[in-house]
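The values are calculated or read from the model by the stated rules, or taken from the named source; none is laboratory data. Worth saying up front: this structure is predicted, and the values here are computed from it rather than measured. No Cβ is skipped: glycine too gets one built from the backbone with ideal geometry, and neighbour counts run over all protein chains shown. When the accessible area is computed, the model is the full protein with side chains, heavy atoms only, and any ligands, DNA or RNA have been set aside. Shrake-Rupley method; radii C 1.70, N 1.55, O 1.52, S 1.80 Å.
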Amino acid sequence: MSEVAYISHSDCGVHDTGWSHPEHVGRLRAIPRALRDDFELFQRLTHREGRHATADELALAHDPAYIASVQAIAESGGGQLDGDTVVSPGSWAAATAGTGCVLDAVDLAVSGDATRSFCAVRPPGHHALRSAGMGFCLFGNVAVAAHYARARHGLDRVLIVDWDVHHGNGTQALMQHDPAIHFVSMHQWPWYPGTGAASDRGRANVWNVPMAGGLPPERYVDAFIGAVDAAAADFTPDLVLISAGFDSLRGDPLGGFTLEMDDVERLTRELVSRATQWCNGRLVSSLEGGYAPERLGEACVRHMNALL
Ligand SMILES: [Zn+2]
């Protein structure tokens, strides 16, 4: 097996938000399309179909009544959780697959079968709250994975880093009570969802990095890496989880950051190098936003090349 796994699940495509919704299935299709254009990368990755998370696993971070309600809404034909957040008939299968792929990646990282993984999943997760979907997200894929790594694999410390252009308010809500998880979120400010002030520190285990839009890209990279180092100063993680939102790229329709492909590569390399020092390289990256599909596909390829 290659050291780096590319994990997805065909059910992630059956979450049907409609083509007029920014978070449509074309985003996910752009990733294998871009990957096939880089044959060497394609061959060097271990390709895996992930699994579905169980309701018990989702309940590591979510209210069981909310989990059951998402399943019931999907099975009864679908509905809206808020103005942006759709549940379609396929969404239960998609959302449990999305989280399940990240749990699969954690299993591989802990067993050593694949030290690093990229999970190409949807719906995204970092806005989902304990008892509510929000901002295109149904379940907190990465937050559930952090609790799973602690509860099921006995890891002592998990670091979550989030470079999506939006604040990972859901991730923060699902982890901030737990000092064994540290969280870094860099995000545009002021911007959706309006949370994530620098003074919002959780239990001193949250590093929010609000940034204006339109700055030179190195300002974002430097601020993010600085916060990662602050979050790991007295806390050597046993696992690093990345909420990889590529709506922080220049030109994204839902963000005003200016990152280019070289910046994606640098961010990834900086985190791979730190994970190598901290935790034998264990690093799991999961897709969050990114709403210009061609750019998203290209960024995922650069990200995976840097993971290798
Ligand atoms: Zn986003």
Check on Glu57, under 18 Å from the mean Cα position of the chain (by Cα), within 30 Å of Arg150 (Cα to Cα) and acidic (Asp, Glu): yes
Hits in segment 69-91 - residues which are part of a helix (DSSP H, G or I) and more than 22 Å from Asn169 (Cα to Cα): Gln71, Ala72, Ile73, Ala74, Glu75
Qualifying positions in segment 31-66 - of a type in the set (Lys, Arg) and assigned to a helix (DSSP H, G or I): Arg33, Arg36, Arg44
Every pair of residues 6+ apart whose Cβ atoms lie under 9 Å, when the first sits in segment 192-207 and is assigned to a loop (DSSP other than H, G, I, E, B) while the second is at pLDDT below 95: none
Any hit, segment 237-247, residues being closer than 23 Å to Pro123 by Cβ and either assigned to a helix (DSSP H, G or I) or more than 18 Å from the chain's Cα centre (by Cα) (or both): yes
Residue among Gly297, Gly251, Gly256 that is crowded, with 19+ Cβ neighbours inside 10 Å, outside any strand (DSSP E or B) and touching a residue at least 12 places away in the same chain (Cβ under 8 Å): Gly297
Criterion: among the small types (Gly, Ala, Ser) and within 24 Å of Arg282 (Cα to Cα) - qualifying residue of Gly194, Gly226: Gly226
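Every residue, every condition in (1) of a type in the set (Lys, Arg); (2) within 14 Å of the ligand (Cβ to nearest atom); (3) in contact with a Gly (Cβ under 9 Å, 6 or more places away or on another chain); (4) part of a loop (DSSP other than H, G, I, E, B), yes or no:
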position	(1), (2), (3), (4)
Asp113	no, no, no, yes
His127	no, yes, yes, yes
Phe139	no, no, yes, yes
Ala143	no, no, yes, no
Val161	no, no, no, no
Ala173	no, no, yes, no
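Yes/no matrix, rows are residues, columns are (1) under 23 Å from Cys279 (Cα atoms); (2) touching a residue at least 24 places away in the same chain (Cβ under 8 Å); (3) open to solvent by less than 20 Å² (accessible area, probe 1.4 Å):
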site	(1), (2), (3)
Gly77	no, no, no
Gly100	yes, yes, yes
Ala105	yes, yes, yes
His127	no, yes, yes
Arg130	no, yes, no
Tyr148	yes, yes, yes
Ala151	yes, yes, no
